[in-house]
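These notes concern the structure reproduced below.
Nothing in this text is a laboratory measurement; each read-out follows from the coordinates by a stated rule. Computed from a predicted structure; not experimentally measured. Virtual Cβ from ideal backbone geometry, glycine too; neighbours counted across all protein chains shown.
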């Protein structure tokens, strides 16, 4: 049985100073791959560096919507150029966050469109962060998919069943994190049971959001095994079948990882 942590931040405090230990602990729990996600342009070299050091780690290039104001001039060209590195397999994380509003909403939308343009230029999938911005996210992604050349995943999904449906309808995958294991996540658990197995990914978003039974700890990629076990039980899936399917889904969405 093998699993993939489809979204983690190995360069963040709590993980970067223990990189080898953290990765080995995950490998010992059958985690066979890690997608290391960038949230700021200044992180790109470090994020890619971890992928250069480890054959089972891949990288993304992107700017989180919280950081949109800090990247006023970031366009598709810079993203596409950085994505030429062979260890980069995705554009993001990017999207919209109207919950915290740490960046101007119009600027968030502009940066989001730049990421979409870069994804179309490179042929790489988008990694989408969205919170309290469901309508704008769905409209922007729907238009992008209709224009062609866009695929991706709604990462760390906590949205409504309607957003899940709209994402699935345009061919996006949905990735679930440790949040789904929380006692107060009943609506999300109901949504998780309804997502087709061939449209699911699992992730940690480490070092954040440690799943049950690791609440209160720094989240590590190894903990994706706990989220996967919980989801398999919740959905009534065989754990081996669940792991195999989510791993296959990852390599289908991110074909550069198979190269």
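So the values come out like this:
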quantity	calculated
For the chain, built as a Gaussian network whose Cα springs stay under 10 Å, the top-fluctuating residue of 207, 221, 239	239
Residue list for the range 79-119, given a label point 7 angstrom along the Cα-to-Cβ vector of residue 135 and an amide N cut-off under 17 Å	96-99, 105-106, 109
Among 200, 168, 176: highest mean-square fluctuation, GNM of the chain, C-alpha pairs under 10 Å	168
For the range 186-259 versus the range 67-139, the gap between their alpha-carbon centres in whole angstrom	23
Per-q log10 I(q)/I(0), the chain, q = 0.07, 0.13, 0.16, 0.17 Å⁻¹ (Debye; single scatterer per alpha-carbon; no solvent)	-0.20, -0.75, -1.19, -1.37
Two-decimal Rg to Rh for the range 174-259 - Kirkwood Rh, Cα set	0.96
Theoretical ellipticity at 222 nm over the chain - DSSP helices of four or more residues, -39500 (n - 2.57) apiece, nearest 500	-12000 deg cm²/dmol
Kirkwood Rh (inverse of mean 1/r, distinct Cα pairs), the range 1-100, angstrom	14.1
Debye intensity ratio I(q)/I(0), log10, the range 95-196, q values 0.13, 0.14, 0.23 Å⁻¹ (C-alpha model)	-0.45, -0.52, -1.26
Among 113, 24, 134: highest mean-square fluctuation, GNM of the chain, C-alpha pairs under 10 Å	24
Pairwise FRET efficiency - residue 104 versus residue 218, Cβ, R0 = 41 Å, nearest 0.05	0.80
